[in-house]
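Structure, as structure tokens:
Throughout, read-outs are computed from the coordinates displayed, never taken from laboratory work. Since the structure is predicted, the reported quantities are computational estimates derived from the model, not experimental observations. For neighbour counting, all protein chains shown are included, and Cβ atoms are generated from backbone atoms with ideal geometry for every residue, glycine included.
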Amino acid sequence: MKFTFSWLKDHLDTEKSVDEIATTLSAIGLEVEGIEDPAKLLGAFKIARIVEAKKHPNADKLQVVQVEIAKGEPLMEVVCGAPNARAGMVSVFAPLGTYIPGSKITLEKKPVRGVVSNGMMCSAAELELSEESDGILDLPAEWADNVGARYIDVVGLNDPIIEVKLTPNRPDCTGVRGIARDLAAAGMGKLKPEPKLAPLNEAFDCKIPVKLEFTPETADACPVFAARTIRNVANGASPDWMQSRLKAAGLRPINALVDVTNYISLDRGRPLHVYDAHKIKGALHARLGKNGEKFLALDGKEYTVDDTMCVIADDSGPLGLGGVMGGESTGCTPETKAVLIESAWFDPVRTAATGRKTGLVTDARYRFERGVDPASVRPGLDLATDMILKFCGGEASKAKVAGKEPIEERVVPFDFARVEKLSGVKLTETEISNTLTALGFTISGKPNAAKVTVPTWRPDVHGPADLVEEVVRIAGLDRIPATPLPRQDGIARAVLTEKQKRARRARRLLAARGFVEAVTWSFIPKDQATHFGGGSPALDLGNPISVEMSSMRPVLLPGLLTAVTRNRNRGLADVALFELGQAYRGEQPEDQYTSAAGVRAGTARLSGANRHWDGNANPVGIFDVKADVFAALSALGFDPSKAQITRDAPAWYHPGRSAALKLGPKTVLAYFGEIHPATLKALDVEAPVSAFEIFLDALPPEKKKSRAKPALAASDLLSVTRDLAFIVPKDVAAGDVVKAAANADKTLIRAVNVFDVFEGGSLAAEGKKSIAIEITIQPATETLTDQAIETITKKIVTDVKKATGGELRS
Amino acid sequence: MSTSDVLSELETSLLAEIAGAGDLASLDAVRVSALGKKGRVSELMSKLGSLPPEERKSFGQTVNTLKAKVSDALDARKAVLEMAALDERLKTERADVTLPVRLGPVAEGRIHPVSQVLDEVVEIFADMGFSVAEGPDIETDEMNFDKLNIPAEHPARQDHDTFYFSPKADGSRLLLRTHTSPVQIRTMVAQKPPIRIIAPGRVYRMDSDQTHTPMFHQVEGLVIDESTHMGHLKWVLQEFCKAFFEVDEVKMRFRASHFPFTEPSMEVDIGAEAIGKPGQWLEILGCGMVHPNVLRNCGLDPEKYQGFAFGVGLDRLTMLKYGIPDLRSFFSGDLKWLSHYGFSMLDVPTLGGGLST
């Protein structure tokens, strides 16, 4: 919504500056998007007269001119390239230091082919007034009297243009008068009374019938349609003042009849339409469209209507879309001799839907979809009639009104105390009542039980909270005292849930293990989703922004692997990335789960990546990520040795070098391992990648323990270690050997550590391997005799053999 | 030669030999020749038996004294020789102290700026008694729009703003939440006031350009009780901005605005002094008193309960506070960007220790 300052002053009696007005507009909810003040851009350009013009001594196409820039001042020497520059010419001069908007330069003092120019003579293009750049502005000779004056003052360009971004709840402010009303209420001046129109001589009956043809269910599409014809008009150009205001608002003046409707739309928020009455065939019908009907709109394009759209038709078919755009066939041209003015009311929801379907964005739609004041139907018609008679002459018919304005009187019961209760600011009853009155509300009854009638132009106000908003936004939000929120006694309490705390901890633990946290898209390419066990149609977006972002991710890995490739393409191959976030097994809330996933690519190992004098890093493998998982779970208060390690990680992991960590058969705590080569290929990832996924929601809640730690059970007795190596079949898991050894004496054996695994040599041929373990035996109460130790050792050997078939290596 | 002369001579000679031993091996040879089983001092002791009883005692004492002297001299010499040997060895043990070392994983790892800033925000609101509420990304029209007083014809509900899933058999469609407000709804439905929550999370809108991404992060706040008003809202936002930007004063400008779910509604600008760019205003958040219709939709009586809600872009806060230029990089997984703008795991924001220091 754009308008000029002088236009605003048509409705608002004010001494305030543009800046004060703009600040207030923004404060009261009419956000100023910009002020185009020609004085700021073009204020330096002055009327000047060329006294003398001579050829430049060193350049054929240049002249050196002597310019009078102010009465009685010395002449200025200026180098000028314009072919039309001549002695006696009145034009526009820009002194040094001026910013030239058309060429986006600031004038500096420097010689042009050896002659110093003390400024510049300007073309219309340099002032961005038009495209004209053939020569400097050639102003009327009599303007020589104005030498030294600001160009914008002389040509009347000094009217700042204010652009307001309206929120959708304020249809009343789609007209300058509505904005003036808000400003007046906010103390920025006085709202001028509506100008009185000259008494109208309605000379004849409007001969064109106007029919509303709706069913009772669809009657709200266009409940009222008022029309009047004016005959014998001469449709020339509209007055200059109207044209310049329309231009300032961003509209192109067309002819007087059309300009009047556009002007009233901007001035009063009341859209109108004019038809060439002679081109209407038969009657005017307001009705819903019929599927497949077509019409040529005023924008020169053909539109097909359907049965949800409100059309205005004549007997030959649709002419235009009610409340959106009129038709070419009945448009007013300079030849128009009789005009029919339409002032109707169209349903906001239907108008918006029609606008969206057709893609038409028009000033009429902008207003009707917000809700035009239904009481403006007749006054709008009369105002248009008045202007047309003034500009184009002619005789007006009687008004013809089909239907009735949809005016419902809305009365809001209102206790003035509500203002303070909701806003926290104490205002006097007088101020509250004055503010509402200034905005057009009428109040009856006592302040603690008032009845407030809402004006017809405020469809957005329904209840007491709306009235409080009206009062406080006009009173000024800065008057609301910042009031401390009462706090609970004492120190702030912890607020995070256990899951939230775990997520925080997991993040920092993974970062501590050298991972860099990434945040990747929740939606991924469909083929990736499918590859990772997702891709169900229920999780496909109906309107994705691109195919790369079309399917909700079933797991976090695709985004991380894609990032690995992207980084590799930028020369970074050794990457450790993690993400902690949500993924989706289905579309229901309970299907969303939180996962912490990490990838290690290349040689990005815990101890460091790449080559190093102290030892090169090996490529990442399953044990790197197993360590990550175990470290993370431990950090989250879960002992990973309590979980089972199984070999059923999903298909995107290497079948032999991956595992699942489970609690019972169903609860998966984590997967880890090397990524399947086929998956790497499918995602275009080079280099080895190992990855893990931890399912944070699956972790059992931490048992409520006493905060006090249990007593330290440390024995003063020295522990004893024994090394045992077993030859086992190749497929025996080291974990089983460890478990059997550890369980041989649960009280005395404190730790079992695998210190060597050997699969080579002659063992390989036999399908066997050697697993060497170190056993730490911790006596509790007394030093163990050699015999006692021997007994334990023997039991270990027996138990390991029973469990794994392993023989003690001799 | 008297016995004492012999002893004296022996002492002199032994001490000279000890002093003259150039290395540990020759010192040991002296030790053996003096104190070994057949050593010269030991041999003197074996003479003890052949002496008259009256001389035995004094001879024994004298020899013992000699033995002690020699033994001490050997120890002292040994210490000197060992020190010299050590010095000699250490001279050969020389590291190139300029060789580079690995800084280890803690130096490499990073927390994403958005996670870090969320931790900061949580810290601030926890102090004001807000807990953290979460909800699903995939929502219904009812939760994302209807209950929030956003009517069916509202432009935000049209395809061009909202990501929808394909319609189900009954015509209903799920969507990706366009704000975290559904979490407010879920909270109000599940819990009676007083309510103080913040709701952080991912939100989705069909926008993609220099300053918009189809996915971004929001934090919304909600306070509902019987007396919380706009003054409290102002205070909470002021205190938040001061704490978050870690400055003593933040210039704030409250402008009337319109949102379907709040009434009255405000937009809030902060003076860019807070981020070291004086003279500009930055629009940072929208807020207001929860609309009576929203309260009603959640089963709360607007005559009894009232309160405020606000929403702020977490990514935008991050960009403002830490001078990050491009929103799109947030989600690119670009290691260079993450390493540069990310945070060490040791940078745990606390109110006591400062959020960012």
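Over segment A:498-698, what relative contact order in percent results from Cα pairs under 8 Å that are six or more residues apart?
20 percent
Residues of B:229-239, mean number of Cβ from any other protein chain within 10 Å of their own Cβ, rounded to a whole number? Spell out each step's value before the answer.
On the way: counts 11, 12, 10, 7, 6, 8, 7, 4, 1, 1, 3.
Rounded to a whole number, the mean comes out at 6.
For segment B:63-116, how big is Rg over Rh, using alpha carbon atoms and the Kirkwood form of Rh?
Ratio value, two decimals: 1.60.
For A:Leu41 and B:Ser339, FRET efficiency with R0 = 41 Å and r from the beta-carbon atoms, rounded to 0.05?
After rounding, the FRET efficiency stands at 0.35.
Over the residues of the protein assembly as shown, compute the C-alpha Rg and express it relative to 2.2 N^0.38 Å.
1.39
Among A:Ala772, A:Ala529, A:Phe638, flag the residue with its Cα farthest along the positive direction of the charge dipole of chain A, charges on Cβ as +1 for Lys/Arg and -1 for Asp/Glu.
Value: A:Ala772.
Could you check what % of the DSSP bridge pairs in the protein assembly as shown are antiparallel, to the nearest 5?
Once the DSSP bridges in the protein assembly as shown are tallied, antiparallel ones form about 95 percent.
With no solvent and one equal point scatterer per Cα, compute the Debye intensity ratio I(q)/I(0) for segment B:119-158 at 0.18, 0.26 Å⁻¹ and report its log10, rounded to two decimals.
-0.67, -0.80
Please report, for the Cα atoms of segment A:728-773, the Rg to one decimal and the Dmax as a whole number; what are they, in angstrom?
12.1, 39
Can you give the Kirkwood hydrodynamic radius of segment A:202-403 from its Cα pairs, in Å with one decimal?
About 16.5 Å, per the Kirkwood formula over Cα pairs.
To the nearest 10 degrees, how steeply does helix A:256-268 sit against the main Cα axis of chain A, on a 0 to 90 scale?
Long axis of A:256-268 versus the principal axis of chain A: about 60 degrees.
Considering every Cα-Cα pair within segment B:111-341, what fraction, in whole percent, is farther apart than 22 Å?
I get 53 percent for the Cα pairs in segment B:111-341 exceeding 22 Å.
Can you check how the C-alpha radius of gyration of segment A:40-155 compares to 2.2 N^0.38 Å, as a plain ratio?
0.96
Tell me which lysines have Cα within less than 22 Å of A:Lys110's Cα, excluding those fewer than 8 residues away on the same chain?
Answer for A:Lys110, where 22 Å is the Cα cut-off: A:Lys46, A:Lys54, A:Lys55, A:Lys61, listed by chain and number.
Between A:Ala277, A:Ile312, A:Gly300, whose Cα lies farthest towards the positive end of the dipole of segment A:270-315 when Lys and Arg beta carbons carry +1 and Asp and Glu beta carbons carry -1, centred on the Cα centre?
Farthest towards the positive end: A:Ala277.
Taking the Cα atoms of segment A:410-479, what is the range of coordinates along each of the three principal axes, in descending order and whole Å?
Computed over segment A:410-479, the largest-to-smallest principal extents equal 29, 23, 18 Å.
For the protein assembly as shown, what does -39500 (n - 2.57) per DSSP helix run (n ≥ 4), summed and divided by total residues, give at 222 nm, in deg cm²/dmol to the nearest 500?
Mean residue ellipticity at 222 nm (helix-derived): -9000 deg cm²/dmol.
Obtain the nm distance between the two label points defined at B:His212 and A:Phe204 by a simple spin-label model: each point lies 7 Å from its Cα along the Cα-to-C-beta direction.
Result for the modelled spin labels: 5.3 nm.
Assign unit charges at the C-beta atoms only (+1 for Lys and Arg, -1 for Asp and Glu), then state the dipole size of the protein assembly as shown relative to its Cα centre in Debye, rounded to the nearest 20.
Around 1960 debye, computed over the protein assembly as shown.
Whole angstrom only: what separates the Cα centroid of segment A:220-280 from the Cα centroid of segment A:376-394?
When both Cα centres are located, 9 Å separates them.
Could you tell me which of the pairs A:Lys426/B:Lys277; A:Lys196/A:Lys337; A:Lys626/A:Lys703; A:Lys704/A:Lys739; A:Lys247/A:Lys281; A:Lys501/B:Lys168 are separated by over 30 angstrom between their Cα atoms in the structure shown?
Over 30 Å Cα-Cα: A:Lys426/B:Lys277; A:Lys247/A:Lys281; A:Lys501/B:Lys168.
Between segment A:699-744 and segment A:170-205, how far is it from one alpha carbon centroid to the other, in angstrom?
88 Å
For chain A, find the longest principal axis of its Cα atoms and tell me its angle to the long axis of helix A:557-569, 0 to 90°, nearest 10.
80 degrees
Would you please state the base-10 log of I(q)/I(0) at q = 0.28, 0.33 1/Å for segment B:255-299, with intensities from the Debye formula using one equal scatterer on every alpha carbon?
-0.89, -1.03
Using a cut-off of 17 Å between alpha-carbon atoms, which aspartates and glutamates can reach A:Lys279, once sequence neighbours fewer than 8 places away in the same chain are excluded?
Those aspartates and glutamates meeting the cut-off are A:Asp314, A:Asp315, A:Glu328, A:Glu335, A:Glu342.
Considering the Cα trace of segment A:69-218, what is its radius of gyration and what is Dmax, both in angstroms?
Expressed in Å, the Cα Rg and Dmax of segment A:69-218 come to 26.1, 83.
Set the Förster radius R0 to 56 Å, insert the Cβ-Cβ distance between A:Asp648 and A:Asp614 as r into 1/(1 + (r/R0)^6), and round the FRET efficiency to 0.05.
Here the calculated transfer efficiency is 0.90.
Below 8 Å between Cα atoms, with a sequence gap of 6+, how large is the relative contact order for segment B:111-341 in percent?
It comes to 20 percent, rounded to a whole number.
Sticking with the crude label model, points 7 Å out along Cα→Cβ, report the distance from A:Lys281 to A:Arg750 in nm, one decimal please.
According to this spin-label approximation, the distance is 10.5 nm.
Could you give each residue of segment A:242-253 its phi-based ³J(HN,Hα) in whole Hz, using Karplus coefficients 6.51, -1.76, 1.60 with θ = phi - 60°, and x for Gly or Pro?
Computed from phi, the couplings for segment A:242-253 are 6, 4, 5, 5, 4, 4, 4, 7, x, 9, 9, x Hz.
Can you give the translational diffusion coefficient of segment B:246-357 in µm²/s, computed by Stokes-Einstein from the Kirkwood radius over Cα pairs at 20 °C and 1.002 mPa s?
127 µm²/s
Restricting things to alpha carbons, find the Rg to Rh ratio for segment B:3-92 using the Kirkwood radius for Rh.
That ratio equals 1.10.
Could you run the Karplus curve 6.51 cos²θ - 1.76 cosθ + 1.60 with θ = phi - 60° over segment A:436-445 and give me ³J(HN,Hα) per residue in whole Hz, x for Gly and Pro?
Values per residue, Gly and Pro as x: 4, 5, 4, 8, x, 7, 10, 10, 10, x Hz.
Relative contact order of chain A, please, whole-number percent, based on alpha carbon pairs below 8 angstrom and at least 6 residues apart.
Result for chain A is 8 percent.
What per residue convex hull volume, in Å³, do the alpha-carbon atoms of segment A:720-808 yield?
76 Å³
Can you compute the modelled spin-label distance between B:Ser46 and A:Lys666, with each label point 7 Å from Cα toward Cβ, in nm?
Going from the B:Ser46 label point to the A:Lys666 one covers 9.1 nm.
For segment A:498-698, just list the percent of Cα-Cα distances falling in each 5 Å bin from zero outward, please.
1, 8, 16, 21, 21, 17, 10, 4, 1, 0, 0
Quick one: which residues, 5 or more positions from A:Lys211 or on another chain, have an amide H under 5 Å from its amide H? H modelled 1.01 Å from N in the peptide plane, none for Pro or chain starts.
Correct list: A:Leu284, A:His285, A:Ala286.
To make sure I understand the rule: partners must be lysines, Cα under 27 Å from the Cα of B:Lys38, and not fewer than 8 residues away in the same chain. Which ones qualify?
Those lysines meeting the cut-off are B:Lys47, B:Lys57, B:Lys67, B:Lys69, B:Lys78.
Per residue, how big is the convex hull around the C-alpha atoms of segment A:1-85? Give it to me in cubic angstrom, could you?
178 Å³
Determine by what factor the alpha-carbon radius of gyration of segment A:609-660 differs from 2.2 N^0.38 Å, reporting the quotient. The partial results should precede the final answer.
Numbers: Rg = 14.0 Å, N = 52, 2.2 N^0.38 = 9.9 Å.
Here the answer is 1.42, to two decimals.
For the modelled label position 7 Å from the Cα of A:Lys211 along Cα-to-Cβ, which residues of segment A:283-318 have backbone nitrogen atoms closer than 12 Å?
Output list for this probe position: A:283-287, A:313-317.
Just going by the charge dipole of the protein assembly as shown, with Lys and Arg at +1 and Asp and Glu at -1 on Cβ, which of A:Val112, A:Ala417, A:Ala85 is farthest out on the positive end?
Sorting the options by dipole projection puts first A:Ala417.
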